[in-house]
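What follows is a short report on a single structure.
The values are calculated or read from the model by the stated rules, or taken from the named source; none is laboratory data. What you see is a predicted model, and the numbers here were worked out from it, not measured in a lab. Cβ coordinates were reconstructed from backbone atoms using ideal geometry, including for glycine residues, and neighbour counts include every protein chain displayed.
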Amino acid sequence: MEDGDDPFERLKNLPPRGHHAMLGIHHVDDGPDWAELACPFNPAFFIDRATELVSSGPVVSLIDAAAGAAIIARTRQWRPMATLDLRVDYLRPAHAGRPLHARATCYHMTHKVAFTRCDVHDGDPEDPIAFATASFFYTAES
Amino acid sequence: MIDATPYGRMLGMKVMVAAPGTAALMLPAGPALEGRPDFLYGGVIASLLEMACLALVAQELGDVRRRIKPINMSLDFLRGGLMADSYAEARIIRMGKHIANVDAVCWQDDREKPIASGRVHLLLG
């Protein structure tokens with residue numbers, strides 16, 4: 001398959017739009033059933049500038065994006081899908097000034113539903129900031 | 001207030017008047033909050049729910065020096081969010097000494113048709 005025909009390759013090279021563009025979410029790496037996305041630190045991510053506490057909002061958005069990308073990495077199909085549910089454990093606060101990385105794996109697929117898990121870190125994968133699971137469903141037949 | 005935080009301002013959240021013991025936020029839709037075309041980004045809906053929960057606990061504690069940290073969050077997406085004004089209202093399920101359990105619901109034009117619900121555990125510093 002030519003790169004241009006592969007939905008995942010197309011996704012990787014798409015100019016960011018919407019909320020991905022606002023957060024600066026971009027592709028970092030991928031494998032047969034996983035994708036890693038990242039976004040640069042932005043002072044607008046603070047929920048409290050005085051204590052430099054980073055909001056969990058960008059973390060959740062990045063997880064949602066990485067999980068969706070992992071499903072396309074596994075299926076190599078671009079079908080309309082919606083997030084069904086998402087659960088996040090916040091292991092520690094993110095450090096101010098560091099980019100956020102989310103590596104999601106699509107570990108199981110059925111006809112209608114995709115199951116994912118996701119690790120989030122801010123520079124060191126051995127020192128994660130969050131762990132999440134999310135499931136998605138296809139909103140239309142392929 | 002939560003709408004004055006850098007992140008609340010980036011998204012454009014506004015604090016609404018709410019009944020005692022609850023907190024409500026409103027988020028106008030905009031192109032920077034879009035996910036798949038014509039739908040509000042799921043992570044944005046998640047953030048709105050979470051911020052409503054944080055706002056309520058901050059309000060109930062009434063002490064700005066106490067730090068509130070999310071431990072975990074569980075979200076259900078019930079309907080696609082359209083590019084329209086979204087509302088989230090939170091209520092406390094249990095306020096302990098160290099942990100608060102809070103849930104929130106998000107809707108758009110019809111409160112009886114929620115687009116998402118969420119539940120968080122917050123650590124009270």
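A few remarks follow.
- Filtered residues of region A:1-54 (kept if of a type in the set (Gly, Ala, Ser), within 14 Å of chain B (Cβ to nearest Cβ) and within 16 Å of the chain's Cα centre (by Cα)): A:Gly18, A:Ala21, A:Gly24
- Some residue of region A:16-27 being modelled with pLDDT under 90 and either farther than 15 Å from B:Tyr41 by Cβ or out of contact with any Ser or Thr (no Cβ under 9 Å at 6 or more places or on another chain) (or both): yes
- Pick from region A:63-80, criterion touching a Cys at 6+ places or on another chain (Cβ under 6 Å) and within 10 Å of another protein chain (Cβ to nearest Cβ), ranking: surrounded by the fewest Cβ atoms within 10 Å (Cβ to Cβ): A:Ala67
- Scanning region A:81-95 for residues that are within 11 Å of chain B (Cβ to nearest Cβ) and part of a loop (DSSP other than H, G, I, E, B), we see that the one that is surrounded by the most Cβ atoms within 10 Å (Cβ to Cβ) is A:Pro93.
- Applying the condition of being farther than 26 Å from A:Ala50 by Cα and touching a residue at least 24 places away in the same chain (Cβ under 8 Å) to region B:12-21 and asking which residue is farthest from the other protein chains (Cβ to nearest Cβ) yields B:Gly21.
- Scan of region A:96-110 for residues that are surrounded by fewer than 18 Cβ atoms within 10 Å (Cβ to Cβ) and either at the interface with chain B (Cβ under 9 Å from one of its Cβ atoms) or in a strand (DSSP E or B) (or both), ordered by number: A:Tyr107, A:His108, A:Met109
- Residue in region A:123-130 that is touching a residue at least 24 places away in the same chain (Cβ under 8 Å), at the interface with another protein chain (Cβ under 8 Å from one of its Cβ atoms) and out of contact with any Gly (no Cβ under 8 Å at 6 or more places or on another chain) present: no
- Test result for B:Arg9, surrounded by fewer than 24 Cβ atoms within 10 Å (Cβ to Cβ), farther than 25 Å from A:His20 by Cα and at the interface with chain A (Cβ under 8 Å from one of its Cβ atoms): no
- Per the conditions (1) more than 23 Å from A:Ala50 (Cβ to Cβ); (2) of a type in the set (A, V, I, L, M); (3) touching a residue at least 12 places away in the same chain (Cβ under 8 Å); (4) within 8 Å of chain A (Cβ to nearest Cβ), the sole criterion not satisfied by B:Ile71 is (1).
- Single residue of region B:59-68 satisfying the filter (more than 29 Å from A:Thr133 (Cβ to Cβ) and either within 7 Å of another protein chain (Cβ to nearest Cβ) or among the hydrophobic types (A, V, I, L, M, F, W, C) (or both)) that is surrounded by the most Cβ atoms within 10 Å (Cβ to Cβ): B:Leu61
- Test: A:Arg74 is of a type in the set (Lys, Arg) and not in a helix (DSSP H, G or I): no
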